[in-house]
1. Only residues that are closer than 22 Å to B:G2 by Cα, out of contact with any strand residue (DSSP E or B) (no Cβ under 7 Å at 6 or more places or on another chain) and either aliphatic (A, V, I, L, M) or within 14 Å of chain A (Cβ to nearest Cβ) (or both): list them for region B:103-162, please.
2. Does B:G51 qualify as being among the small types (G, A, S), farther than 30 Å from B:A161 by Cβ and buried (at least 18 other Cβ atoms within 10 Å of the Cβ)?
3. Being part of a helix (DSSP H, G or I) and in contact with a Gly (Cβ under 9 Å, 6 or more places away or on another chain) is the filter here; which residues of region B:22-42 pass it?
4. Got a sec? Which of B:V241, B:V218 is free of Cβ contacts under 8 Å to residues at least 12 places away in the same chain and more than 13 Å from chain A (Cβ to nearest Cβ)?
5. Of the residues B:R69, B:R137, B:R44, which single one is farther than 17 Å from B:E216 by Cα, under 17 Å from the mean Cα position of the chain (by Cα) and basic (K, R)?
Amino acid sequence: MLRKSSVSIARDRVKALVVSDRVHCTPDVYENICRELHSALSKYIEFTEDDFQVNINRTQVIITFAGEES
Amino acid sequence: MGEVIVITSGKGGVGKTTTTANLGAGLSKLDKKVVVIDTDLGLRNLDVVMGLENLIVYNLVDVIEGTCRLKQALIRDKRYENLYLLPSAQTKDKTAISPGQMKKLTSELKEEFDYILLDCPAGIEQGFMNAIAGANRAIIVTTPEVSAIRDADRIIGLLEANHLNKMDLIINRIRMDMVKRGDMMTVDDVTEILSIPLIGALPDDEQVVIGTNQGEPVIGLDSKAGTAYMNICKRITGMEVPFMELQNNTGILTKLSNFFKKD
């Protein structure tokens, strides 16, 4: 019997809750923020979705861009 | 000049009061002069956890209203020298005192004590605001549960908004057996989400319940939680102590398998 460990569910739930508490919005709004930031930035910078990460902590919205061309 | 530390969590029932009692006892064991203050007006508990409930004459509200002198309300602990309790009032509510009055009280206590520990009520309302008013440091207690972590995150945000930036995290009631089977978040999971420095992780230890039953801090008993609390006290005073292994190796199967492993 294989089941998804309850920890990964808990982790996802608490992360979604914490982010939506921090920016006072629902989890799907957070998804929208990410998508729109992504599309806005992609007009000027070339990157894939894997290079692009949005983190919201208590005081900042941090956009991490990891796509350094070598 | 003493340090004023508020012990807070947002959510109720995660172990603030037990933590306050044990940190108080532990710090006094380290030869520090400590006073613990129960700021939960109307729901007095810290005295019971410390086994001092029969010695209360005056309380926090009496001191603030000037019914008695500060010295008259302080109860000296039976077991630990240099440990004092300022109990809460059972018949008043949170509106009986204001943040300004708490600030004044703690600054008075700072003159005489090395550590002033404030046991904060659950919630984010006036009781919380009173408790944090005079604090220059905070310890956030949480458990590895979604609701407790979420509340802790809100508390951290509120403390930052009130310019209380010296914060440390205690993760309470960790069950290593559940962590191992992937049914409980790890210390790292919780620390990563809350992103404040970890000052201690406590195993879910029966001895804590036994200690509370007897009105005795677990720090005085031979136990994992007692050792973990003592380590936290040392870290509070600035000592560097390595984090202990939470895993319990004393189960009979582990003992047996360890026995056979030996050459």
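Only the coordinates and a few stated rules stand behind these numbers; no lab work does. Model, not experiment: these values are computed from the prediction. Counting neighbours? That spans all protein chains shown, and the Cβs are built from the backbone with ideal geometry, glycine included.
1. Residues satisfying the conditions are B:L105, B:M129, B:A133, B:E160, B:N162.
2. Values: among the small types (G, A, S): yes; farther than 30 Å from B:A161 by Cβ: yes; buried (at least 18 other Cβ atoms within 10 Å of the Cβ): yes.
Judged against the criteria, B:G51 is a match.
3. Quick first cut of region B:22-42, residues part of a helix (DSSP H, G or I) only: B:22-29.
The answer is B:N22, B:A25, B:G26, B:K29.
4. Exactly one of B:V241, B:V218 is free of Cβ contacts under 8 Å to residues at least 12 places away in the same chain and more than 13 Å from chain A (Cβ to nearest Cβ), namely B:V241.
5. Details: B:R69 fails: under 17 Å from the mean Cα position of the chain (by Cα); B:R44 fails: farther than 17 Å from B:E216 by Cα.
Just one listed residue meets the conditions, B:R137.
For (1) within 29 Å of B:D205 (Cβ to Cβ); (2) exposed (fewer than 15 other Cβ atoms within 10 Å of the Cβ); (3) touching a helix residue (DSSP H, G or I) at 6+ places or on another chain (Cβ under 9 Å), each residue gets a yes or a no:
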| site | (1), (2), (3) |
| --- | --- |
| B:L85 | yes, no, yes |
| B:T106 | no, no, yes |
| B:G157 | no, no, yes |
| B:K180 | yes, yes, no |
| B:V187 | yes, no, yes |
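Every residue, every condition in (1) within 14 Å of chain B (Cβ to nearest Cβ); (2) aliphatic (A, V, I, L, M); (3) part of a helix (DSSP H, G or I), yes or no:
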| site | (1), (2), (3) |
| --- | --- |
| A:V7 | yes, yes, yes |
| A:R11 | yes, no, yes |
| A:V14 | yes, yes, yes |
| A:V18 | yes, yes, yes |
| A:S39 | no, no, yes |
| A:N55 | yes, no, no |
| A:R58 | yes, no, no |
